[in-house]
Amino acid sequence: MSFVIVSFINLLGNLAVAESNRRIAKGSKYVAPSVCLAQSAHETGWGTSSIMTKANAFFGIKAGGSWKGKIFTADTWEVKDGEAYNTVANFRAYDSLEDSVADYYDLIINNERYSRALSSYPDDKKSACDTLYEIWAGGYATDEEYVPNVYGLLTGRDLEQWD
């Protein structure tokens, strides 16, 4: 495994575990750190994309009308009605990587459209594939191959060990 990938996994893995534990301690629903890690790896090319390096953005979360923070404008790839196309979009930008991870957890845990992706911990923890499917179905991504691609990163790099 390349140094870049190992460094990325260790950095984000530690941040995701800390954020997940912080939220569990407050009684929050559960999002597995492995899911967080795999989504970030997919969205940023293991931390090498411009959105990651210039905006501290691990997850490529779009900056909609309700977003009051910094933004980063970048080219993006979308799928609509089965057709892929490139466009330009505004993404959320952060002061730190920790802020990016906290915002990801806020988005997934607090947004009703992702509620089916959440579970209690540890009694009924959902499988990573089910969780990824529910996040995708909630509108996180437009690519119909998103779940198998992200799940492949999760299992191919043994990211479950971070759970």
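The values are calculated or read from the model by the stated rules, or taken from the named source; none is laboratory data. Remember, it's a predicted structure, so these values are computed and weren't measured experimentally. Here the Cβ is made from the backbone with ideal geometry for all residues, glycine too, and neighbour counts use every protein chain on show. Accessible surface is based on the protein model in full, side chains and every heavy atom, while ligands, DNA and RNA are left aside. Shrake-Rupley method; radii C 1.70, N 1.55, O 1.52, S 1.80 Å.
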message: Net charge around E144, counting only other residues with Cβ within less than 14 Å of its Cβ (Lys, Arg = +1; Asp, Glu = -1)?
response: -4
message: Let me make sure I get this right: for the stretch 63-132, a, b and c are the square roots of the gyration tensor eigenvalues over alpha carbons, sorted descending. Under 1.5 in a/c it's rounded, otherwise prolate if a/b > b/c, else oblate. Which is it?
response: oblate
query: Let a ≥ b ≥ c be the square roots of the eigenvalues of the Cα gyration tensor of the stretch 1-76; is it rounded (a/c under 1.5), or, if not, prolate (a/b larger than b/c) or oblate?
result: oblate
- prompt: When all protein chains stay in place, what accessible area (Å², nearest 10, 1.4 Å probe) is found for V88?
  reply: 90 Å²
- line: A student applying the Cα gyration tensor rule (rounded when a/c is under 1.5; otherwise prolate if a/b is larger than b/c, oblate if not) would label the chain rounded
message: Can you compute the helix-only [θ] at 222 nm over the chain? Use -39500 (n - 2.57) per DSSP H run of at least 4 residues, normalise by all residues, nearest 500 deg cm²/dmol.
response: -14500 deg cm²/dmol
